[in-house]
Amino acid sequence: MKIHEYQAKEILRTFGVKTPKGVVIKNLTELNSVPEKLKSTKYVVKAQIHAGGRGKGGGVKIAKTTDELQTCAKQILGMNLVTHQTGPEGKIVRTLLIEEGLSIQKELYLAMITNRKSESFSLIASCEGGMEIEEVAHKSPEKIITENVGYYSELPMYAIRNIAYGLGLSQELMKPFTKLAQGIYKAFITLDCSLLEINPLIITSDNDLVALDAKVNFDNNGLVRHKELLELQDIHEEDPRELEAAKHGLSYISLDGNIGCMVNGAGLAMGTMDTIKLHGGSPANFLDVGGSATTEQVSKAFELILSDKKVKAILINIFGGIMKCDTIANGIIAAARTMHFQQPMVVRLDGTNADIAAGILEKSELKIITAKNMDEAAKKVVHAVQ
């Protein structure tokens, strides 16, 4: 689950991480109180959307007077902000974070991630703050410092020293950096984060460390332990289909392709998408109906696939274990009766009650292309699109 920058900073402050003073507004009438609250000679107006590249898209502006503040806020609030992460459709800016302007001596990068390759947490840092870390990794990999650590009550000092040394921090900054790194680590493990990124982390002109920007993502599987975090979710930033799927106990993620997929089991779903790509196609979604879906859930899954206008063909790949193939067949028919779809549909059903399901689909008189295995199914659905 993603949250906004201002929410991430609120969380970081509770763990002792310094951030700029800021005010959050959702309408222009709230602007009048900003100068009094911040008491700054310079303001930074920042669009709050779940995407990077806001500055390049015109979603971050600097104002040196209250008149400029008004102008910048009017330009950004309500705009359709397009960045390299939003896609061409962009996102509507409904919230602004207005912060005090700080004098910057140097920009750094600092983040924590779950590193599946090393089976640990990784503290990542770079002297190239303010840039996308992927770009730094590609052009100057030697400028990225990585420390892998386990699950401890607090971040080990050796990791802090190694990162600080790699960043070239002065002895004077060791104490504030230690506090900041410990705060980031504590927040990460306490709240079940999947990503905690500060980019940039700045050294101010008076030699202090401040998180100028912040990004926090939570592991959805850990939210059951942090139900208060669910209140931070902004439904305007979420895909409506993904929200609808969650209501019905389905795992759905929108993708950019044109082949709708309905599969049971996350591993089989990933394998199905990989096989589609192998044969030159592009999946429109990840959709796992689970191992014990009902006819109603299958019908809802089918509706979600068809609600995506990009979908040109549908692949249903079910291996029946706990999930019975006849349940899938009945769900397909129930959805077909309410939605008049024209897209070609390839179906591969194997396992429990596969023969019964085949009979159900045959009697339905639906135009279905059948396949005996996943590879054949992927080839046929890609061919149908082409």
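Restricting the search to segment 24-50, which residues are of a type in the set (Ser, Thr, Tyr) and exposed (fewer than 13 other Cβ atoms within 10 Å of the Cβ)? Give the derivation first.
First, the residues of segment 24-50 that are of a type in the set (Ser, Thr, Tyr): 29, 33, 40-41, 43.
Hits for segment 24-50 are THR29, SER33, THR41.
Would you call PHE341 outside any helix (DSSP H, G or I), without any contact (Cβ under 8 Å) to a residue 60 or more places away in the chain and in the same structural domain as SER364 (by TED's automatic domain parsing)? Break it down into steps so the answer makes sense when it comes.
Details: outside any helix (DSSP H, G or I): yes; without any contact (Cβ under 8 Å) to a residue 60 or more places away in the chain: yes; in the same structural domain as SER364 (by TED's automatic domain parsing): yes.
The answer is yes for PHE341.
Restricting attention to segment 327-350, the residues that are surrounded by 21 or more Cβ atoms within 10 Å (Cβ to Cβ) and either of a type in the set (D, E, K, R) or over 20 Å from LEU250 (Cα atoms) (or both) total 3. The residues of segment 40-51 that are touching a residue at least 60 places away in the same chain (Cβ under 8 Å), more than 14 Å from ALA8 (Cα to Cα) and not β-branched (Val, Ile, Thr) amount to a single one, SER40.
Restricting attention to segment 213-255, which residues are touching a residue at least 40 places away in the same chain (Cβ under 8 Å), acidic (Asp, Glu) and under 29 Å from ILE133 (Cβ atoms)? Within segment 213-255, ASP213, ASP219, ASP234, GLU237 meet the criteria. Which of the residues belonging to segment 62-105 are among the basic types (Lys, Arg) and buried (at least 18 other Cβ atoms within 10 Å of the Cβ)? The one that is among the basic types (Lys, Arg) and buried (at least 18 other Cβ atoms within 10 Å of the Cβ): LYS91. Against the definition (at pLDDT 85 or above, surrounded by fewer than 17 Cβ atoms within 10 Å (Cβ to Cβ) and closer than 25 Å to GLY257 by Cβ), how does LYS310 come out, yes or no? It is true that LYS310 is at pLDDT 85 or above, surrounded by fewer than 17 Cβ atoms within 10 Å (Cβ to Cβ) and closer than 25 Å to GLY257 by Cβ. Of all residues in segment 121-141 being over 18 Å from ILE163 (Cβ atoms) and among the acidic types (Asp, Glu), which is surrounded by the most Cβ atoms within 10 Å (Cβ to Cβ)? Once the filter is applied, the top-ranked residue is GLU132. Of all residues in segment 351-379, those being more than 21 Å from GLN297 (Cα to Cα), surrounded by fewer than 20 Cβ atoms within 10 Å (Cβ to Cβ) and in contact with a strand residue (DSSP E or B) (Cβ under 8 Å, 6 or more places away or on another chain) number 6.
When ASN148, ASN162 are checked against the criterion of being in a strand (DSSP E or B) and either in the same structural domain as HIS50 (by TED's automatic domain parsing) or not aromatic (Phe, Trp, Tyr) (or both), a single residue qualifies: ASN148.
Looking only at segment 179-199, how many residues end up being aromatic (Phe, Trp, Tyr) and in contact with an Asp or Glu (Cβ under 9 Å, 6 or more places away or on another chain)?
Residues of segment 179-199 aromatic (Phe, Trp, Tyr): 185, 188.
Restricting the remaining residues to those that are in contact with an Asp or Glu (Cβ under 9 Å, 6 or more places away or on another chain) gives 185.
So the count comes out to 1.
For residues in segment 279-303 being buried (at least 23 other Cβ atoms within 10 Å of the Cβ) and among the hydrophobic types (A, V, I, L, M, F, W, C), which is farthest from CYS261 (Cα to Cα)? Going through the qualifying residues, I end up with ALA293. The residue that is nearest to LEU110 (Cα to Cα), among those in segment 183-211 that are among the acidic types (Asp, Glu) and not in a strand (DSSP E or B), is ASP208. Pull out all pairs, ordered by first then second residue, where Cβ-Cβ is under 7 Å, the residues are six or more apart or on different chains, the first lies in segment 64-80 and is in the same structural domain as LYS42 (by TED's automatic domain parsing), and the second is aromatic (Phe, Trp, Tyr). Sorted first by the residue in segment 64-80, then by its partner, the pairs are LEU69/TYR43.
The values are calculated or read from the model by the stated rules, or taken from the named source; none is laboratory data. As the structure is a computational prediction, the values presented were derived from the model and not from experiment. With ideal geometry, Cβ positions are generated from the backbone for all residues, glycine too; neighbour counts draw on all protein chains shown.
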